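Trainee: Have a look at the structure that comes next, please.
The values are calculated or read from the model by the stated rules, or taken from the named source; none is laboratory data. A quick note: this is a predicted structure, and the numbers were derived from the prediction, not measured. Using ideal geometry, Cβ is built from the backbone for each residue, glycine included, and neighbour counts are taken over all protein chains shown.
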Amino acid sequence: MSEALLQPEPNKPSRLRALLAQGTVMMPGAFNAISAKIVENVGFSALYVSGAGISNGVGGYPDIGFMTASEMATQAGYIARSVNIPAIADADNGYGEAVNVFRTVQEYERQGLSGLHLEDQVIPKRCGHLDGKQVISVEHMREKIAAAVQARVNPDFLIIARVDSKAVYGFDEAVTRAQAYLDAGADMIFPEALNTREEFEEFARQIKAPLLANMTEFGKTPYLTVKEFERFGYNIVIFPMTAFRIMMKSVEDSLRVLKAEGTQISLLDRMTSREDLYRLIHYQDYESLDASLATQFSDKAPGG
């Protein structure tokens, strides 16, 4: 596996489109570059950048829109460029009106993302699996989607419309909005916080378009497998905070042991070794690059 930062994949959006044509794509959430490299290293073909993961992990904020568009794009860019697999990212509600969405898409695309999703929530937004959400009008969201489509440079960059209205106005309204968002140019629909297996199946039956399912933990959605989502007709299944939550619990448990014992010796078998870390980040490749750059002209006298 080549090091992405030295030999980047030239067109990851088109690679993502090719993956989607082959079947349902499973995307674990990455919350920083090293977690993205682990996702790639264990064999996943694509990954997801969670807004909650960035808000919680970078800013220490709840997922209610505190991170700005530039902050989110920058962090998502570090993640996307660290790997050679495609990454899509959360873009909340576009961080403003249609003209703001236009710039958001430009920034995400420049940072190396292969797609993003926009939600139809008001500003400030709420986590999709919390109560008390409010949504904008259908026409307002259609304007944002049209702006997103117009802004992208690579036509393979994926524009995903997230429908948050099910919790506000019910299932039928979510279906109506989904179709309106497709008509405005969205490539894919993301129905957020459906409550039952039957709702996911029925949504896919009514909306004949590419679909994304969010298999988050401790939310409103029951635990379904990727195979089940694939059978229903979903093209992407994201696991936005799975690795993040495991990381938090592991760090907390380990620090309690360290505090109690005053040494990390009993924790060594839980750690990634220095050798494995260096292999993951391609340390040797960078040393080789440094050596080759240093010796290119070392045998030539100044002015020679």
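Trainee: Please give the number of the condition Asn195 fails out of (1) surrounded by fewer than 18 Cβ atoms within 10 Å (Cβ to Cβ); (2) in contact with a helix residue (DSSP H, G or I) (Cβ under 7 Å, 6 or more places away or on another chain).
Mentor: Going through (1) surrounded by fewer than 18 Cβ atoms within 10 Å (Cβ to Cβ); (2) in contact with a helix residue (DSSP H, G or I) (Cβ under 7 Å, 6 or more places away or on another chain) one by one, Asn195 breaks only (2).
Trainee: Continuing with this model, one more query. Those residues that are hydrophobic (A, V, I, L, M, F, W, C), in a loop (DSSP other than H, G, I, E, B) and within 12 Å of the chain's Cα centre (by Cα), I need them from the range 6-54; list them, please.
Mentor: At the first step, the residues of the range 6-54 found to be hydrophobic (A, V, I, L, M, F, W, C) are 6, 16, 18-21, 25-27, 30-31, 33-34, 36, 38-39, 42, 44, 46-47, 49, 52, 54.
If we keep only those that are in a loop (DSSP other than H, G, I, E, B) as well, we get 6, 31, 42, 44, 46.
Of everything in the range 6-54, those that are hydrophobic (A, V, I, L, M, F, W, C), in a loop (DSSP other than H, G, I, E, B) and within 12 Å of the chain's Cα centre (by Cα) turn out to be Phe31, Ala46.
Trainee: Okay, next question. From the list Lys208, Lys227, which one is part of a helix (DSSP H, G or I) and either closer than 22 Å to Leu16 by Cα or not assigned by TED's automatic domain parsing to the domain that holds Ala151 (or both)? Quick ask: steps written out before the conclusion?
Mentor: Values: Lys208 fails: part of a helix (DSSP H, G or I).
Answer to the selection: Lys227.
Trainee: Can you pull out every residue in the range 81-124 that is part of a helix (DSSP H, G or I) and either surrounded by fewer than 24 Cβ atoms within 10 Å (Cβ to Cβ) or at pLDDT below 95 (or both)?
Mentor: Arg81, Ala98, Val99, Asn100, Phe102, Arg103, Gln106, Glu107, Glu109, Arg110
Trainee: Anything in the range 263-286 that is in a loop (DSSP other than H, G, I, E, B), without any contact (Cβ under 8 Å) to a residue 60 or more places away in the chain and closer than 20 Å to Met247 by Cα? List them, or say none. Explain how you work it out, then say what you get.
Mentor: So in the range 263-286, the residues in a loop (DSSP other than H, G, I, E, B) come out as 263-264, 271-273, 281-282.
Still in the running and without any contact (Cβ under 8 Å) to a residue 60 or more places away in the chain: 263-264, 271-273.
Scanning the range 263-286 gives Gln264, Met271, Thr272, Ser273.
Trainee: Hey, another quick one. Only residues that are more than 26 Å from Leu19 (Cβ to Cβ) and of a type outside the set (Asp, Glu): list them for the range 100-123, please. If you could, list the steps in order and put the result at the bottom.
Mentor: Filtering the range 100-123 down to residues more than 26 Å from Leu19 (Cβ to Cβ) leaves 100, 102-103, 120-123.
Residues satisfying the conditions are Asn100, Phe102, Arg103, Gln121, Val122, Ile123.
Trainee: Could you give me the residue pairs with C-beta distances under 9 Å whose first residue belongs to the range 58-72 and is modelled with pLDDT of 90 or more and part of a loop (DSSP other than H, G, I, E, B), whose second residue is β-branched (Val, Ile, Thr) and surrounded by 15 or more Cβ atoms within 10 Å (Cβ to Cβ) wherever it lies, and which are 6+ apart or on separate chains?
Mentor: If the second residue must be β-branched (Val, Ile, Thr) and surrounded by 15 or more Cβ atoms within 10 Å (Cβ to Cβ), the pairs left are Met67/Ile54; Met67/Val58.
Trainee: Which numbered condition in (1) hydroxyl-bearing (Ser, Thr, Tyr); (2) crowded, with 23+ Cβ neighbours inside 10 Å; (3) touching a residue at least 40 places away in the same chain (Cβ under 8 Å) is the only one that Thr24 fails?
Mentor: (2) is the only condition that Thr24 fails.
Trainee: Another question about this same structure. Select from the range 172-192 the residues that are touching a helix residue (DSSP H, G or I) at 6+ places or on another chain (Cβ under 6 Å) and surrounded by fewer than 22 Cβ atoms within 10 Å (Cβ to Cβ) and list them in ascending order.
Mentor: Once the filter is applied, which keeps residues that are touching a helix residue (DSSP H, G or I) at 6+ places or on another chain (Cβ under 6 Å) and surrounded by fewer than 22 Cβ atoms within 10 Å (Cβ to Cβ), the range 172-192 yields Val175, Ala180, Ala184, Gly185.
Trainee: On to the next question. Condition first: basic (Lys, Arg), surrounded by fewer than 18 Cβ atoms within 10 Å (Cβ to Cβ) and not assigned by TED's automatic domain parsing to the domain that holds Val83. Can you find one or more residues in the range 271-284 that meet it? Walk me through how you get there before you give the answer.
Mentor: At the first step, the residues of the range 271-284 found to be basic (Lys, Arg) are 274, 279.
Now restrict to residues that are surrounded by fewer than 18 Cβ atoms within 10 Å (Cβ to Cβ): 274, 279.
Next cut, not assigned by TED's automatic domain parsing to the domain that holds Val83 only: 274, 279.
Looking for residues that are basic (Lys, Arg), surrounded by fewer than 18 Cβ atoms within 10 Å (Cβ to Cβ) and not assigned by TED's automatic domain parsing to the domain that holds Val83, one finds at least one in the range 271-284, hence yes.
Trainee: When the residues of the range 172-204 are filtered to those that are of a type in the set (Phe, Trp, Tyr) and either outside any helix (DSSP H, G or I) or within 15 Å of Phe232 (Cβ to Cβ) (or both), which remaining residue is nearest to the chain's Cα centre (by Cα)?
Mentor: To start, the set of residues in the range 172-204 that are of a type in the set (Phe, Trp, Tyr) comprises 181, 190, 200, 203.
Subset that is either outside any helix (DSSP H, G or I) or within 15 Å of Phe232 (Cβ to Cβ) (or both): 190, 200, 203.
On the way: Phe190: 13, Phe200: 21, Phe203: 23 Å.
The qualifying residue nearest to the chain's Cα centre (by Cα) is Phe190.
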